[in-house]
1. Could you tell me which of rounded, prolate or oblate describes the range 65-158, using a ≥ b ≥ c as the square roots of the eigenvalues of the alpha-carbon gyration tensor, with rounded for a/c under 1.5 and, failing that, prolate when a/b is larger than b/c and oblate otherwise?
2. Would you mind calculating the relative contact order of the chain from Cα pairs under 8 angstrom and at least 6 residues apart, reporting the percent as a whole number?
3. Taking a ≥ b ≥ c as the square roots of the Cα gyration tensor eigenvalues, with a/c under 1.5 meaning rounded and otherwise prolate when a/b beats b/c, else oblate, which class fits the range 79-129?
4. What's the center-to-center distance, using Cα atoms, between the range 27-71 and the range 83-123 in Å?
5. Can you compute the helix-only [θ] at 222 nm over the chain? Use -39500 (n - 2.57) per DSSP H run of at least 4 residues, normalise by all residues, nearest 500 deg cm²/dmol.
6. If you wrap a convex hull around the Cα atoms of the chain, how much volume per residue is inside, in Å³?
7. State whether the range 1-43 is rounded, prolate or oblate according to the following rule on the C-alpha gyration tensor (a ≥ b ≥ c being the square roots of its eigenvalues): a/c under 1.5 gives rounded; otherwise a/b larger than b/c gives prolate, and the remaining case gives oblate.
Amino acid sequence: HFIGAPGLDRLPLLDQISASVTLKAGIVASDERDAGPRHLLNYGHTLGHALERATGFALRHGEGVAIGTVFAGRLAGALGRIGPERVAEHHDVVARYGLPTGLPPQVSVSELVELMRLDKKATDGLTFVLDGPDGPSLVRGVPEDTVSATLADMPREP
C-alpha cells in the first residue's frame, strides 16, 4: 500500500496477491543488486525485525512488519514528512488486515532502539524507509530521541 500500490487493501484477495507480486518483481528487477529503490521493500522492517528479536521470535515476521508499518507512519509524522491523515492511514490499513498495530507489552523502548541500530540499512545512525511528500524513501540519521519518543507513544497490545 505505502510503496506503490495504494488501495491494495480494498481489492479482492487474489488481486491483492497479484498486485503485490507484480510490484515486488518490478522493484527487484529494476535493482537486482540492492543498490537503489529495492530498499522500499523494507518498509516497516526496521522495527519489525527488532520486534522479532526482542520477543524471541514469538512475534511472527508479518506481525512485526505490520507494527513496524504503523510505527513508520507515526515516525514520518513526527519528522514532519507526512500529515496526520496519512499517519492515521498507516494504522487503518494495517488494522483492516486484522494485524497488530501496537507494541507487545514486554518490549522496552531502549531494547528496540538498540536492536534497530543493528539493521543492515543503519550505516549512518538510525535509518528507516519512511513515507514522505514524494513517496517513500530511505531516511538516514533519524534522531534517536525522536525514534524513542515515537516508540514510547505507540499503543501497547496484550
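1. Details: a/c = 1.71, a/b = 1.07, b/c = 1.59.
Oblate, because a/c is 1.5 or more while a/b does not exceed b/c.
2. Values: 225 pairs, mean separation 36.3, N = 158.
Worked out over the chain, it gives 23 percent.
3. Details: a/c = 2.31, a/b = 1.35, b/c = 1.71.
Judged from the Cα gyration tensor, the range 79-129 comes out oblate (a/c at least 1.5, b/c at or above a/b).
4. 10
5. Numbers: 6 runs with 76 residues, N = 158.
Calculated at 222 nm, the ellipticity per residue is -15000 deg cm²/dmol.
6. Details: hull volume 17.6 nm³, N = 158.
Dividing the Cα hull volume of the chain by its residues yields 111 Å³.
7. Values: a/c = 3.67, a/b = 2.01, b/c = 1.82.
Prolate, since a/c reaches 1.5 and a/b exceeds b/c.
All of the numbers you see were taken from the coordinates with simple rules; none came from a lab. As the structure is a computational prediction, the values presented were derived from the model and not from experiment.
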